[in-house]
Amino acid sequence: LLPRAVAAGRFSTDEPVTDPAVATGYCNFFEFGPAKDDPPQLAHAMRTDPWSVAVSGEVERPGNLPLETLLSFPQEDRIYRLRCVEAWSMVIPWTGFPLSALLDLVQPTAAARYVEFETLFAPDQMPNQRTNALDWPYREALRLDEAMHPLTILATGMYGEPLPNQNGAPLRLVVPWKYGFKSIKSIVAIRLLRERPVGSWQARAPREYGFFANVNPDVRHPRWHQATERRLQDGGRIRTEMFNGYGDEVAHLYSGMDLNEHY
Amino acid sequence: MISPRLVRCLAWTGSALPGLLILGRWQVGLLGVVPTEALLHQTGRLALFFLMASLAVGFLHFLSGWNPIVAARRPLGVWCFLYALAHLLIWLILDQGHPAFAWAEARMMRHVQLGLAAFLLLAPLALSSSDRALRWLTHPVWRRLHLLVWPAAALALGHAWAVSRFENPRVMVMAALLVMLAMSRIGWTLAHRLRNTR
């Protein structure tokens, strides 16, 4: 299923784009295993057709959205920096649509404060889900204002092609100012909530993975000194920018918050 | 009949093989799409493996009473250092790329400090690994100096623990092995002393 006509997007960076062989060969998709080459080797077993997203919780119009409906939203190109919590980064041309388009369709109620996402749970197709490496199914969440931000997209393709399975086919979140683990892959469920939920990584190691997970060169991870990053594949090591360089667009979302505490 | 010389030769060449294999795989592009990371991790694992292997020699000698095995210890130890040196240089040059970045990481990150400390303890052992150094230091001093391998191993395992995420069980197995080796060594030394004082 190829997304239809694609408009040149807003917010795109003109930095050199990462080689697609690297972006599709070096993946964190723990459902298939912890190694970077597990997803490219194993993700072909994931069935993405048919696909739908179950929307529930604090919405006026809950229900199942078939992928076809989502692909009929106006799609645009977004060339974004992607900064992983593991201190590497890529520049990826995504195709997708603002998450706000979907939320506008399902109409969050006045009580909705958070948007939670869930990845497919299918241990027969995703071998690492048979272990307890993480609390499956993988869950991530955004505050509603973060979710409605025009930078936040649901991607349906990359490099002008439909998303490869290892990159989160057929539908994934992309939140470019947050560490990559927030950009949840292969989404099957979206829930609008009153209370802040706990993400899968946050549940596993709350001291290491915060709810906000904004890219922040001043907040260290126990294993990764976040002041610098390796720009794959050959951009060398560069300094990490606050909010991954998207501060002009998103810093206002966090005004008055201590980002050392709310990491 | 397997002579110590044959054991030594086999240990020297056998220990070089995994390194050569990595070099070969690197050259033909078999290290994946981000070879720097593969080089970093694989040399680190090799250094740790050879560190544990060199420590295990004494234990195996004690168990088997087979003397020629002792000849494997020096090659294993020297190769442990060479793999650790490669690991350090890959981190410094290929991964960090700039002394300022490396310094910032070394100043702030526990796992870097543990790894560097382990390396600094191993360096004098590698430098004093020749027969000449042993004669110059005299045997009692040399033996005391080489007890540094134990704290070096503990630090190296701490480093491995701090950088691992899903490999923690493997590091724990190695830590248990290290404790077992250290206990057997202490027990053996005590028994030896007791026998000598009687």
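Every number here is computed from the coordinates shown, using simple stated rules; none is lab data. Everything numeric in this text was worked out from a predicted model, so none of it was measured. Backbone-built Cβ (ideal geometry, glycine too); neighbour counts: all protein chains shown.
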To the nearest 10 degrees, how steep is helix B:35-64 against the longest Cα principal axis of chain B, on a 0 to 90 scale? 10
The farthest towards the positive end of the charge dipole of segment A:6-254, of the residues A:43, A:12, A:29, given +1 on Cβ of Lys and Arg and -1 on Cβ of Asp and Glu, is A:29
Using Cα pairs closer than 8 Å and at least 6 residues apart in sequence, work out the relative contact order for segment B:4-197, in percent. 21
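Over segment B:4-197, what number does the Rg to Rh ratio reach, with both radii from the alpha-carbon atoms and Rh per Kirkwood?
Numbers: Rg = 17.8 Å, Rh = 18.0 Å.
Looking at segment B:4-197, the ratio lands at 0.99.
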Two decimals, Cα atoms only, Kirkwood Rh: what is Rg/Rh over segment B:10-89? 1.07
Mind telling me which of B:28, B:78, B:70 comes out most flexible in a GNM of chain B, alpha-carbon contacts under 10 Å? B:28
Cβ-defined net charge surrounding residue A:109, 13 Å radius [Lys, Arg +1; Asp, Glu -1]: +2
Rg followed by Dmax, in Å, when the protein assembly as shown is reduced to its Cα trace: 26.6, 92
Provide the descending list of Cα extents for segment A:1-132 along its principal axes, expressed in whole angstroms. 41, 41, 29
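Express the Stokes-Einstein translational diffusion coefficient of chain A in µm² s⁻¹, to the nearest whole number, given a Kirkwood radius over alpha-carbon pairs, 10 °C and a viscosity of 1.306 mPa s.
On the way: Rh = 18.5 Å.
This corresponds to a translational diffusion coefficient of 86 µm²/s.
Just subtract the alpha-carbon distance of residue B:103 and residue B:176 from 0.36 nm times their residue separation and send over the number in nm, one decimal. Write out the running numbers ahead of the final one.
On the way: separation 73, 0.36 × 73 = 26.28 nm, distance 3.23 nm.
Residue separation times 0.36 nm, minus the Cα-Cα distance, leaves 23.0 nm.
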